[in-house]
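What follows is a short report on a single structure.
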Amino acid sequence: MWQRKQTIYLFLVALLMIAASVYAVIVVLQILGGLIAGLSTANIFQYKNRKKQMTVCTLGILLLVLWVAYFCYDHFYMHGGATRYPLYAMLPIVSIILFWMAKKGIKHDDDLVRSADRLR
């Protein structure tokens, strides 16, 4: 399970979103970050069902886009915008990239298994 690179990516997403949830001052972002971290952690243990893992990665990307959109809305419209952004605001963007890389790795594994099944 841990030898797959996408497992490391999903674990990093969980760590980054826990950090983002801890430092976020907006309750909605804390809840959404915790949900994404839990989703990523649960996705690690679904390694036997690659199709479900890819679906959960897509859902995680959509939730992260929602996180970023809500942060932008709150930051620009509710507080008048600012020229400086906190570090925790960049963590979901890195998490989107990591989720995408994990999905790509899962897809590669799925293709590899399917090609091995064809040879039998």
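The values are calculated or read from the model by the stated rules, or taken from the named source; none is laboratory data. Keep in mind that what you see is a predicted model, and the values were worked out from it rather than measured. For neighbour counting, all protein chains shown are included, and Cβ atoms are generated from backbone atoms with ideal geometry for every residue, glycine included. To get the accessible areas, we keep the full protein, side chains included, count just its heavy atoms, and leave off ligands, DNA and RNA. Shrake-Rupley method; radii C 1.70, N 1.55, O 1.52, S 1.80 Å.
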* Structure fact -> Residue set Phe76, Phe45; condition over 17 Å from Ala14 (Cα atoms) and either open to solvent by 80 Å² or more (accessible area, probe 1.4 Å) or under 16 Å from the mean Cα position of the chain (by Cα) (or both); output residue Phe76
* Near pairs, Cβ below 9 angstrom, 6+ apart or cross-chain, from the range 31-51 (assigned to a helix (DSSP H, G or I)) to any residue that is modelled with pLDDT under 95 and of a type in the set (Asp, Glu) -> Arg50/Asp109; Arg50/Asp110; Lys51/Asp110
* Asked: Quick one: is Lys103 loosely packed, with under 14 Cβ neighbours inside 10 Å and either in contact (Cβ under 8 Å) with a residue 24 or more places away in the chain or not basic (Lys, Arg) (or both)?
  -> no
* Mind checking which residues of the range 79-100 are open to solvent by less than 100 Å² (accessible area, probe 1.4 Å) and assigned to a helix (DSSP H, G or I)? -> Tyr88, Ala89, Leu91, Pro92, Ile93, Val94, Ser95, Ile96, Ile97, Leu98, Phe99
